[in-house]
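Reviewing the structure listed below.
The values are calculated or read from the model by the stated rules, or taken from the named source; none is laboratory data. The structure presented is a predicted model; accordingly, all values stated were derived computationally and were not measured. Heads up, the Cβs are rebuilt from the backbone with ideal geometry, glycines too, and the neighbour counts pull from every protein chain shown. With ligands, DNA and RNA removed, areas are computed over all heavy atoms of the protein, side chains included. Shrake-Rupley method; radii C 1.70, N 1.55, O 1.52, S 1.80 Å.
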Amino acid sequence: MAEIKIPAQVRAEFGKGAARRIRRANQVPGVIYGHGGEPVHVTLPGHDLMMALKTPNVLLSLDIEGRDELVIPKAVQRDALKGFLEHVDLLVVKRGETVTVEIPVQTEGDLAPGGNLLEHTLTALPVEAEATHIPEAVTVSIAGLEAGASVLAKDVVLPAGVALAVDADAVVLHVVAGSTEAPAEAEGTEA
């Protein structure tokens, strides 16, 4: 995964009013923490950050007043109605360091014929990976699976250097039989 470079500025104003002023200027307030250091409050460009966060577990290289800091997003707060970024918590990582993240589970192939349905028990798989080599997603083949079949975490093929951070017997995907009943017709009501 490539690093995305974003400029950041240290902020000295705190509170609701300051955060609103930052957001009106198309910026996003954020906090960088980790490795036992003091939290650093920053302001990030809103559009650049929004585009970077479209990639799950993106690795950000922040240019904070001349020094580079490698971070991954830990928590992102969005406006409930409009979806705008309101705040972001960023975790400092070092090259070679192992981090625990959740990566999306994607499927390929078709289930066995017969109206079977696929149930995603885990939509994201918790894994441990080196901070600069976090996979974007894992792909699981569901070709030919019939009702009652399950895919366990230990059955998912992970890239080299990536280990499970969940019980190996955890169910990731499960195939269930579709309903074969015709929907009941509504009975007429009396006038």
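Among the candidates Leu59, Leu53, single out the residue that is under 21 Å from Gly96 (Cα atoms), touching a strand residue (DSSP E or B) at 6+ places or on another chain (Cβ under 7 Å) and either open to solvent by 40 Å² or more (accessible area, probe 1.4 Å) or modelled with pLDDT under 90 (or both).
Leu59
Among residues belonging to the range 80-103 that are within 24 Å of Leu164 (Cα to Cα) and touching a residue at least 60 places away in the same chain (Cβ under 8 Å), point out the one that is most open to solvent (accessible area, probe 1.4 Å).
Ranking the candidates gives Thr100 first.
Step by step: first the residues of the range 113-148, then only those that are more than 17 Å from Pro56 (Cα to Cα) and in contact (Cβ under 8 Å) with a residue 60 or more places away in the chain, then the one that is surrounded by the most Cβ atoms within 10 Å (Cβ to Cβ). Which residue is that?
Among those residues, the one meeting the criterion is Asn116.
If a residue must be part of a strand (DSSP E or B) and either in contact (Cβ under 8 Å) with a residue 24 or more places away in the chain or small (Gly, Ala, Ser) (or both), how many such residues does the range 1-32 contain?
Residues meeting the conditions: 13.
Just checking, which of Gln77, Gln106 is modelled with pLDDT of 90 or more and surrounded by fewer than 18 Cβ atoms within 10 Å (Cβ to Cβ)?
When all the criteria are applied, what remains is Gln106.
Taking the conditions exactly as written (of a type outside the set (D, E, K, R), open to solvent by 40 Å² or more (accessible area, probe 1.4 Å) and not in a helix (DSSP H, G or I)), does His47 satisfy them or not?
Taking the combined requirement at face value, the residue does not satisfy it.
Quick one: is Asp89 under 25 Å from Tyr33 (Cα atoms), modelled with pLDDT of 90 or more and in a strand (DSSP E or B)?
Spelling it out, Asp89 is indeed under 25 Å from Tyr33 (Cα atoms), modelled with pLDDT of 90 or more and in a strand (DSSP E or B).
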